[in-house]
Amino acid sequence: MAQILVTGGAGFIGSHTSVGLLKAGHCLLVLDNFSNSSPEALKRVAELSNVSLDSDQLRLIQGDIRDATLLDRIFSEAQASQKPIEAVIHFAGLKAVGESVADPLRYWGVNVGGSQALLAAMNTHNCRKFVFSSTSTVYGEPNSFPLTETTPTSPIHPYAQTKLAVEQMLRALTARGDWRVSALRYF
């Protein structure tokens, strides 16, 4: 039996996604550092999904996606337990536009550096299915609507710039031919 790793799984979108995945019968590992969320959210996820927290179906790992040692351990332990991680859904990251303008280095470090550490761990452990939570702000201030995936990007603040940088990293990985990636631009 394989597992899905959900980063930022205690956040708003991550917790709702976790409920849906659990109800569909998936086993989840949730990695969160609770900088934008609370452990209470995962207790609620477990309750809504009728599973126990820290069970075979739902396990919480408190930690940061920038911690390469932790990421390696998560993937190694999953493999050793005969429940490898088959895919990652990546919601972890910083998300406030104003804060990104005030502290751009923090945003680049967490959003891009953390994503790079996560992708490197996945690559090392032959896990190459990835869903990325991006943002529609990568389009900047477009002149026409509706927006499509071919609408030119023009991010105007560090938050959007970091999300687009991760998308570019993902394009480079998919060009190899052995990665399956979806980047979801939320509005």
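Taken one residue at a time, the phi angles of the stretch 131-144 give Karplus couplings (6.51, -1.76, 1.60, θ = phi - 60°) of 10, 10, 8, 9, 7, 6, 5, 5, 7, x, 10, x, 8, 9 Hz. Gly and Pro are set to x. Each of 126, 58, 45 was scored by the projection of its Cα onto the charge dipole of the stretch 30-130, and the greatest displacement toward the positive side belongs to 126; charges sit on the C-beta of Lys, Arg, Asp and Glu. Calculate the translational D of the stretch 1-76 in whole µm² s⁻¹ from Stokes-Einstein, where the hydrodynamic radius comes from the Kirkwood formula applied to all Cα pairs, the temperature is 20 °C and the viscosity 1.002 mPa s. Rounded, D is 176 µm²/s.
Annotation: amide H of residue 60 within the under-5 Å range of 30, 54, sequence separation 5 or more or interchain, hydrogens built in the peptide plane.
Note the angle between two axes, namely the Cα long axis of helix 12-23 and the longest principal axis of the Cα atoms of the chain, as a number of degrees from 0 to 90, rounded to the nearest 10. The answer is roughly 40 degrees. Estimated translational diffusion coefficient (Stokes-Einstein, Kirkwood radius over Cα pairs, 10 °C, 1.306 mPa s) of the chain: 94 µm² per second.
With kT/(6 pi eta Rh) evaluated at 37 °C and eta = 0.692 mPa s, and Rh the Kirkwood radius from Cα pairs, the stretch 104-183 diffuses with a coefficient of 244 µm²/s according to Stokes-Einstein. The relative contact order of the chain, computed from alpha carbon pairs under 8 Å that lie at least 6 residues apart in sequence, is 21 percent. Computed from backbone phi, the HN-Hα couplings of the stretch 167-183 come to 4, 5, 4, 5, 4, 5, 5, 5, 5, 5, x, 10, 10, 10, 10, 10, 10 Hz, rounded to whole numbers (Karplus: 6.51 cos²θ - 1.76 cosθ + 1.60, θ = phi - 60°; Gly and Pro given as x).
For the chain, what is the mean residue ellipticity at 222 nm derived from helices alone (per DSSP H run of n ≥ 4: -39500 (n - 2.57); sum divided by total residues; nearest 500 deg cm²/dmol)? Intermediate results must be reported in sequence, preceding the final value.
Details: 7 runs with 74 residues, N = 187.
Dividing the helical sum by the residues of the chain leaves -12000 deg cm²/dmol.
Given R0 = 35 Å, the distance between the Cβ atoms of residue 145 and residue 79 translates into a calculated FRET efficiency of 0.15. Peptide packing for 10-20, 139-149 was compared via the average number of neighbouring C-beta atoms within 10 Å per residue; ordered from the highest value, the list is 10-20, 139-149. Measure nothing but the geometry: give the 0 to 90° angle between the long axis through the Cα atoms of 39-49 and the longest principal axis through the Cα atoms of the chain, rounded to 10°. Taking Cα atoms only, the helix is inclined about 70 degrees. A Förster distance of 45 Å, applied to the separation of the beta-carbon atoms of residue 43 and residue 154, puts the FRET efficiency at 0.65.
Give me the count of lysine pairs in the chain whose alpha carbons sit under 23 angstrom apart, restricted to pairs 8 or more positions apart or on different chains. If you can, show how the numbers build up before the last one.
On the way: 23/43; 23/83; 23/129; 43/83; 83/129; 95/163; 129/163.
Number of lysine pairs found: 7.
The packing ranking of peptides 118-126, 90-98, highest mean first, is 90-98, 118-126, where packing means the average number of other beta carbon atoms within 10 angstrom of each residue.
None of the figures in this text is laboratory data; all of them are computed from the coordinates on show. Since this is a predicted model, take the numbers as computed values, not measurements. Here Cβ is always computed from backbone atoms with ideal geometry, including for glycine, and neighbour counts include all displayed protein chains.
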